[in-house]
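Below is one structure, written out as structure tokens; comments come after it.
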């Protein structure tokens, strides 16, 4: 008998169903495939900043910019 089986035996009957549901969820979650392909159109969006910041500094700046909703990288600025 495995450790998991021993643990399940210790559960009350009410918790058996909950454990079964959770195990089913884990199996289903593992089997899921992404709903769409990843879009990588953001690659290079901050290339103009590479001469100003190291990669680590740029990561920190990006976090700051995310907090500041006004910043839009030049590549993604919409011109009327």
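Computed quantities for the displayed model
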read-out: Where labels lie 7 Å past Cα in the beta-carbon direction, separation of residue 24 and residue 5 in nm; value: 2.2 nm
read-out: Order of 35, 29, 49 - criterion: other Cβ atoms within 10 Å of each residue's Cβ, fewest first; value: 35, 29, 49
read-out: Least to most buried among 53, 22 (fewest other Cβ within 10 Å first); value: 22, 53
read-out: Residue order, fewest to most beta carbons within 10 Å, for 42, 65; value: 42, 65
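Values quoted throughout were computed directly from the atomic coordinates according to the rules given, and no laboratory measurement underlies them. Since the structure is predicted, the reported quantities are computational estimates derived from the model, not experimental observations. Neighbour counts are summed over all protein chains in view; Cβ atoms, including those assigned to glycine, are modelled from backbone coordinates with ideal geometry.
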